[in-house]
Amino acid sequence: MQEEKKWSLQLGGRELIVTAGSLAEQANGSVTVRYGDTVILATATMSKGASKITGYFPLMVDFEERYYAAGKIKGSRFIKREGRPSDDSILAGRAVDRTIRPLFDSRMRNEVQVVVTTLSYDGENNSDTVAMIAASVALSLSDIPWNGPIGAVRVGMADDGALILNPSSEEGKASALDLLIAGTKDKINMIEAGGNEILEEKMVEAFEFGFIAIQKITQFIETIRTEVGKDKVVPALLRGSDEFETAVKKAFLGGGISDVLYLLPKKVMEEASSALFAKVSQWAKETFPEQASLEELLTLISDEVADAIVHENILQHEKRPDGRKLTEIRPIWCKVGILPRTHGTGLFTRGETQALTVTTLGAPGDEMIVDTMETDEKKRYIHFYNFPPYSVGEVRPMRGPGRREIGHGMLAEKALIPVLPSREEFPYTIILVSEVLSSNGSSSMASTCGSTLSLMDAGVPIKKPVSGIAMGVIVGKSGEYKILTDIQGLEDHYGDMDFKVTGTKDGITAMQMDVKIDGLTPEVLRVAVAQAKVARLEIMEKILAVIPEPRKTMSPYAPRIITLHINPEKIRDVIGPGGKVINQIIDETGVSIDIEDDGSVFITSADETSAAKAVEWVNNITREVRAGELFQARITRIMNFGAFAEVLPNQEGLIHISELADNRVENVEDIVHVGDIVPVIVKEIDNQGRINLSHKVALHQISEEKK
């Protein structure tokens with residue numbers, strides 16, 4: 001057994017402990033990182049030679065959540081093995097990937113796999129933050145070439161506006177801000193945030209606050225690397241001879257790639273690019289017949305040439321591929337109510353990007369149960385994002401959602417959460433589905449804008465509309481930069497940043513940032529956030545011109561929910577033994593019924609008559625009998641001293657023998673029999689809750705009313 005070594009750092013009032021030398025030693029790099037009682041094992045492994053996978057650097061990042069880490073057993077009765085990763089673990093793995101990927105050489109062709117496994121989870125310290133640090137340490141101590149380390153922290157905000165470093169679970173629930181931020185010692189390179197209308201100035205302050213802690217973490221990891229880190233190996237790089245690469249660059253430039261990149265529309269540009277590539281490829285095969293990986297090298301070199309052209313034109317001439325000004329948004333048009341039977345629809349088109357978002361309203365019982373290592377909860381608002389191949393003119397198999405779809409869906413979902421009505425105000429389960437019909441940049445922001453349109457069309461009383469924009473940046477070799485508003489696909493591909501910002505007119509609700517370079521300074525982000533606000537407000541005007549506020553009435557095809565509040569002690573009466581009563585109501589009326597522990601009863605139906613019948617049924621079961629009320633009661637039992645009658649379901653009262661008739665009654669069955677329906681009036685309810693009834697007084701009252 002090798003010697004185990006430990007290092008520790010005080011971070012956010014808790015100890016961050018790194019341990020190396022005892023676990024998973026066959027990996028190129030392995031560590032455990034403990035924060036509180038959350039423990040993450042991170043391993044980094046690299047293949048010895050070049051991968052057979054072509055076209056990109058083959059990095060795989062897997063986040064493995066384990067139910068045992070939280071002392072839980074998977075919820076399914078039939079399947080206990082943990083299978084498909086949850087959305088939360090996919091998003092955590094995506095955060096790790098987005099942070100470490102830009103720091104690898106893009107020409108590297110060794111397969112690299114980073115696996116982070118949650119061994120222990122304390123319910124207080126987020127596993128994704130610890131996982132990002134653990135991955136950074138594992139890569140830094142390994143012999144895998146990498147330009148790290150990175151650090152990662154969470155930033156929350158107290159009620160008084162004070163920023164909190166790595167807030168606890170309870171602090172996080174109460175926080176108006178949830179910011180996950182990562183970066184190197186010099187720059188920020190990944191942001192994921194949700195907020196309750198956070199002012200731009202406050203968000204930038206949070207960036208700077210988190211960046212100080214990131215620098216502290218990277219310095220700590222550098223110290224560990226100096227002590228026990230392995231020497232980095234020489235990777236397998238995709239590279240041709242100097243003569244080949246120089247000649248190919250000249251061929252692309254001579255073939256007019258500088259003009260091809262600026263052709264419009266997108267399809268024309270793509271066709272011209274394909275034709276130029278085919279021409280250069282044929283020439284290269286004839287001129288350099290011995291060159292290995294020729295097609296892949298041509299793709300890489302053409303990308304590098306195009307990248308340099310786009311950078312130069314924007315930095316020196318502010319010339320964008322489609323001719324727009326740096327702050328100009330592509331043409332926008334919107335529409336609502338375009339599908340006849342759905343509950344709400346919003347179509348948002350910006351340039352060649354188009355998203356159709358559909359709202360479906362359901363009963364409270366339609367909530368999604370989320371059962372993961374970290375949480376057991378119900379979600380009443382869910383957003384799904386679909387990105388079919390036809391949206392980019394491609395042909396490929398239609399399979400389940402990948403990391404990108406889940407990440408984009410969660411971003412759009414997060415954007416609208418702060419403006420949704422409370423459950424008490426609007427008890428519906430809300431599901432949004434965004435179908436990306438066409439994509440040329442920022443389809444997630446189109447989905448966010450489509451969500452606002454769709455929710456308002458469905459009559460969901462959102463507090464404020466939300467819009468979103470994707471910002472880009474072009475950075476020069478000397479650090480000079482230009483911020484781009486509303487990036488399209490080509491600018492995303494060749495640009496250095498994809499920074500998505502959503503919010504209301506009063507503040508930011510969600511953010512997501514990825515970079516292709518080593519990162520950006522807080523000052524660059526300050527400019528980007530301010531420029532994004534101007535664009536958001538411009539887009540908001542377009543949305544409000546189509547539908548200025550939520551509709552006052554919902555679609556006739558949407559269910560109606562009637563909310564009742566009953567005595568919690570009466571819940572069991574509504575449910576009945578083994579669910580007999582509630583199932584009878586549901587079967588005979590066709591409604592759905594959801595009951596909560598506080599006595600809230602939600603009756604959902606698309607048919608008002610059925611809903612009214614169910615409401616009356618529940619009211620009859622649960623309402624309290626009052627003195628003086630007249631009922632048609634069913635005789636349930638005969639006793640020597642009188643008869644018991646059911647005035648309401650499961651509520652019986654006694655008709656004393658003296659209350660059956662005006663004259664003296666010797667035998668109760670001379671007047672009533674079991675099963676008879678007779679009028680009774682409630683004389684009193686005694687201090688023990690017993691109901692005393694009178695048949696003779698009821699007869700007198702009915703007789704008087706007839707007169």
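Structure values in brief
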| item | result |
| --- | --- |
| Residue within the range 430-447 that is touching a Cys at 6+ places or on another chain (Cβ under 9 Å), outside the structural domain of residue 565 (by TED's automatic domain parsing), modelled with pLDDT of 95 or more and buried (at least 24 other Cβ atoms within 10 Å of the Cβ) present | no |
| Filter pass, residue 95 being over 26 Å from residue 7 (Cα atoms), of a type in the set (Gly, Ala, Ser) and crowded, with 17+ Cβ neighbours inside 10 Å | no |
| Single match in 482, 477 (criterion: farther than 20 Å from residue 205 by Cα, outside the structural domain of residue 201 (by TED's automatic domain parsing) and at pLDDT below 95) | 477 |
| Near pairs, Cβ below 6 angstrom, 6+ apart or cross-chain, from the range 34-52 (at pLDDT below 95) to any residue that is part of a strand (DSSP E or B) and among the acidic types (Asp, Glu) | 51/111 |
| Considering residues of the range 548-600 that are part of a helix (DSSP H, G or I) and within 35 Å of the chain's Cα centre (by Cα) only, the residue farthest from residue 537 (Cα to Cα) | 579 |
| The range 219-247 residues that are closer than 13 Å to residue 110 by Cβ, paired with ones that are among the β-branched types (Val, Ile, Thr) and at pLDDT 95 or above (beta carbon under 9 Å, 6 or more apart) | 232/144; 233/144; 235/144 |
| Pairs with Cβ under 7 Å, 6+ apart, first in the range 638-657 and touching a residue at least 24 places away in the same chain (Cβ under 8 Å) and in the same structural domain as residue 688 (by TED's automatic domain parsing), second part of a loop (DSSP other than H, G, I, E, B) and of a type in the set (A, V, I, L, M, F, W, C) | 638/674; 643/672; 647/625; 648/625; 651/625; 656/641 |
| Extreme residue, farthest from the chain's Cα centre (by Cα), among residues of the range 651-674 that are aliphatic (A, V, I, L, M) and surrounded by 17 or more Cβ atoms within 10 Å (Cβ to Cβ) | 665 |
| Selection within the range 498-536 - over 13 Å from residue 191 (Cα atoms) and of a type in the set (Ser, Thr, Tyr) | 502, 504, 509 |
| Single unsatisfied condition, residue 633 versus (1) outside any loop (DSSP other than H, G, I, E, B); (2) without any contact (Cβ under 8 Å) to a residue 24 or more places away in the chain | (2) |
| Identity of the residue in the range 621-630, among the β-branched types (Val, Ile, Thr) and outside any loop (DSSP other than H, G, I, E, B), that ends up surrounded by the most Cβ atoms within 10 Å (Cβ to Cβ) | 622 |
| Count of the range 414-432 residues which are under 14 Å from residue 363 (Cα atoms) and in a helix (DSSP H, G or I) | 0 |
| Sole residue being part of a helix (DSSP H, G or I) and surrounded by 13 or more Cβ atoms within 10 Å (Cβ to Cβ), chosen from 361, 347, 411 | 411 |
| In the range 601-620, the residues that are surrounded by 20 or more Cβ atoms within 10 Å (Cβ to Cβ) and assigned to a helix (DSSP H, G or I) | 611, 614, 617, 618 |
| Candidates 397, 401, filtered to the one that is of a type outside the set (S, T, N, Q), assigned by TED's automatic domain parsing to the domain that holds residue 442 and surrounded by 13 or more Cβ atoms within 10 Å (Cβ to Cβ) | 401 |
| Residue match in the range 407-414 (condition: under 18 Å from residue 554 (Cβ atoms) and of a type outside the set (Asp, Glu)) | no |
| Qualifying residue in the range 558-581 (condition: surrounded by fewer than 16 Cβ atoms within 10 Å (Cβ to Cβ) and either touching a His at 6+ places or on another chain (Cβ under 9 Å) or at pLDDT 95 or above (or both)) | no |
| Sole exception among (1) assigned to a helix (DSSP H, G or I); (2) surrounded by 18 or more Cβ atoms within 10 Å (Cβ to Cβ); (3) not small (Gly, Ala, Ser) for residue 373, by number | (1) |
| Selection within the range 226-252 - of a type outside the set (Phe, Trp, Tyr), buried (at least 19 other Cβ atoms within 10 Å of the Cβ) and part of a helix (DSSP H, G or I) | 248, 251 |
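The values are calculated or read from the model by the stated rules, or taken from the named source; none is laboratory data. Quantities reported herein were computed from a predicted structural model and do not represent experimental measurements. Using ideal geometry, Cβ is built from the backbone for each residue, glycine included, and neighbour counts are taken over all protein chains shown.
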